[in-house]
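Written out below as structure tokens is the structure these notes cover.
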Amino acid sequence: MFLLNPPRVVDFDVWSAMPDAYRRPRRSAWADANRGGAHTDSFLEGPVFDDHGNLYVTDIPWGRVFRIDPAGRWSLVAEYDGEPNGMKFLDAGHLLITDYKNGLMLLDVAAGTVTPYLERRNSERFRGVNDLTFDREGNLYFTDQGQSGLHDPTGRLYRLRPNGQLDLLLDNIPSPNGVVVAPDGRVLYLAVTRGNCVWRVPLMADGSVSKVSQFFTSHGPSGPDGLAMDSEGNLVVCNPGLGYVWLLNHRAEPMTVWRSTQGMSTTNLAFGGPDRRTVFCTESVSGSILTARAPHPGMPVPRAS
């Protein structure tokens, strides 16, 4: 990669870590398949803020959702038979969860109850849904990753419209992961983890996609994961395996690289703080939340309502 201006490199700070009382250092079915059988006491993903500045995160292997208050204190919101990954607020009181084991699930934050939202498509189970986002029209985009990769490039990208119509937009992806829609709603960016890249997906006026291209190419043992955008339209890319989070301009040139000092599993992020200029990133293996200041505020995350 040829760069006229090398990116600024900034180390993350550790803001908060899962308390020992919540850690479970033992074997799980999820870790057997995804962590080489290693005892994994937690694996954090899905950070999202509520209206009061509380950060919610998922713990995939143990089917848990946690709330972390602005002071960094943890509380358990829900625990159920699932493998929750990405989360977004459907409305102020409900989180929509991409659950690898169960499909789309709905969490009532106040009650702590988790119920099915969309478990199957035409009576067929999903391969293993991963992450999600809304656009400003209330359309839900979510990825169905399963165990796809370069050996099996059949991961899928779906759109669920407000009227309940489910559209299969792409079905040829080697490990689809994070998704984010550009501020103008005309382009979707898609993390392709095992392809070690980010795709640019034009959203056409008739609801189709066309001329999908490779926007950014990374390197190393694991590719892009969670995505976000800032208020200037720059793309933020979590890159586990490297322990990096990239801030890319519209030409996919890295402007800033935030670097983990805690571990290499920088999986997902959310913008928070009073001015939305603080990046909160999950370092999944250590069970930590990392923070850094961004040059611009994060783009607000749309909700369905």
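Values for this structure:
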{"read-out": "Segment 259-282 residues that are in contact (Cβ under 8 Å) with a residue 40 or more places away in the chain and under 19 Å from P221 (Cβ atoms), paired with ones that are open to solvent by 40 Å² or more (accessible area, probe 1.4 Å) and acidic (D, E) (beta carbon under 7 Å, 6 or more apart)", "value": "R259/D11; T261/D11"}
{"read-out": "Residues (closer than 21 Å to L227 by Cα and either in a helix (DSSP H, G or I) or open to solvent by 10 Å² or more (accessible area, probe 1.4 Å) (or both)) located in segment 35-44", "value": "F43"}
{"read-out": "Count of segment 137-164 residues which are out of contact with any strand residue (DSSP E or B) (no Cβ under 8 Å at 6 or more places or on another chain) and not acidic (D, E)", "value": "8"}
{"read-out": "Meets criteria (open to solvent by less than 10 Å² (accessible area, probe 1.4 Å) and either part of a strand (DSSP E or B) or of a type in the set (S, T, Y) (or both)) for T291", "value": "no"}
{"read-out": "Out of M264, M255, sole residue that is assigned to a strand (DSSP E or B) and open to solvent by 20 Å² or more (accessible area, probe 1.4 Å)", "value": "M255"}
{"read-out": "Among (1) touching a strand residue (DSSP E or B) at 6+ places or on another chain (Cβ under 9 Å); (2) within 25 Å of P162 (Cα to Cα) - the single one N239 does not satisfy", "value": "(2)"}
{"read-out": "Subset tally (residues that are outside any strand (DSSP E or B), open to solvent by 30 Å² or more (accessible area, probe 1.4 Å) and at pLDDT 95 or above) for segment 106-136", "value": "4"}
{"read-out": "Residue count for segment 137-168, restricted to those that are under 17 Å from K101 (Cβ atoms), of a type in the set (D, E) and assigned to a loop (DSSP other than H, G, I, E, B)", "value": "0"}
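The values are calculated or read from the model by the stated rules, or taken from the named source; none is laboratory data. Just so it is clear, the model here is predicted, and its values are computed rather than measured. Here the Cβ is made from the backbone with ideal geometry for all residues, glycine too, and neighbour counts use every protein chain on show. Protein only, heavy atoms only, side chains kept; ligands, DNA and RNA dropped before computing areas. Shrake-Rupley method; radii C 1.70, N 1.55, O 1.52, S 1.80 Å.
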